[in-house]
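Structure first, then comments.
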Amino acid sequence: MPRETDVPGWVVERQYRTTSSRKMAQFSPLYGEHNPVELAITEYAHLSDRSRTVRVEMIRLGSSLDSFGFYSRERGLDGRYQFFDDNAYATTTCLYARIGKYYVKIGYENLGDQAGSVVDQFLGVVRGNLKSLAGDDSLPEQLFIFAKNRSSREIVYYKKSMDAVPGLKNAAVTRRVLAGKKHDLVCAIYPSAFDAEQEYLGILKAGGNEYILSRVGKLQPAIRIISETEYLIICQYKQWIFGVLNADTLNEGNLIIGYLLTEIKNRAEKKESGGNRP
C-alpha cells in the first residue's frame, strides 16, 4: 500500500486488512470464487481538504488467472469504460487494474480535474510496490480460443459455475462479431474427452428439463430456449465444451456451432503439428 511518504499531501485515514475468507466474502460473493489470499484497504484524505479522498483496495489472489477472473467478472462485457490497456480501465469514480496475481481498485471523490493525475500517482506507487511480488500478467492460451485477437477486453473467465450454464466451470465467455452481430461464445477445455463428457452430462443434469437435445453432424448439442429471439446452445466435442449463449434463431445457433467446431479442429491440428496437445 502507498505510504504517506509515497504520496505527499495525503494522509491515511483508515486501514483494513484480513486473510479471513469469511470476512472477505462479506464484501462480494466473488471473493469466494477466486482463491483470495488477502484483502487490504487503505483510505486517504488530502491535507488541505479532507473531502478529497482516495480509497485503495488491493486483493491478493492465488494466481494471475484468478485475478483476471475477479477483474473480468466485475468488469463484465456491457459496460462503457475508458480502457488504458487490457489490464486497466476506469469509470468516473474508480480505476480498476490487474497486476499479476493482484487486483487493485482505486476509488476517489471530489478530485475534480486532478483526478487523473492523482490516480496515476497512486497507481504508479502500487505498481512499484508490487513489482517483485505480483508475478507476470500472462494468461493461459485456452482463454483466447475464440478471441479474434489476443486482447482480453472482450473475455470474462468463470472459475466456478456460471448463471447462464449451471454446472459449467473454468469457462471463458468471449464476445465476438459473427455474421455482423455480437455473440457471446463460451468454451471450456478439459484434460481428456472423458472429463469433458462427464462435465457435459453434469450440465445437462443441472439443467433438468430446460435442455432439448439436437443433432448437428456428429455433435449432439443441448438447446435452451430463452425467448422467441434468443437461444443458448452448447455441446461437447472431445475435450471441449463450447457453444453460443445468445443466438437469435435456432438456425443461426447451429451455424455458429459448426463454425466454432471448425475453429477448434483447426486449432487442434495446428497444435498437434507443433507437437503440443490442444
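Neighbour counts of other Cβ atoms within 10 Å put 67, 20 in the fewest-to-most order 20, 67.
When each of the peptides 70-81, 156-167 is scored by how many other beta carbons lie within 10 Å of its residues on average, the order from highest to lowest is 156-167, 70-81. The calculated 222 nm mean residue ellipticity attributable to helices in the chain amounts to -8500 deg cm²/dmol, summing -39500 (n - 2.57) over DSSP H runs of n ≥ 4 and dividing by all residues.
Note on 123, 95: ascending count of other Cβ atoms within 10 Å places them as 123, 95, the fewest first.
The angle between the Cα long axis of helix 250-273 and the main principal axis of the chain comes to about 80°, on a 0 to 90 degree scale.
Mean separation of Cα pairs under 8 Å and 6 or more residues apart, divided by the residue count, gives the chain a relative contact order of 11 percent. With neighbour counts taken as other beta-carbon atoms within 10 Å, the residues 136, 184 rank, fewest first, as 136, 184. Largest GNM mean-square fluctuation across 120, 86, 49, computed for the chain with C-alpha springs under 10 Å, falls on 49.
For segment 160-278, the fraction of C-alpha pairs farther apart than 23 angstrom is 25 percent.
Where a number appears in this text, it was derived from the coordinates with a stated rule and is not lab data. This one's a predicted model, so the numbers in the text were calculated from it and none came from an experiment. As a convention, Cβ positions derive from the backbone with ideal geometry for all residues, glycine included, and neighbour counts pool all protein chains shown.
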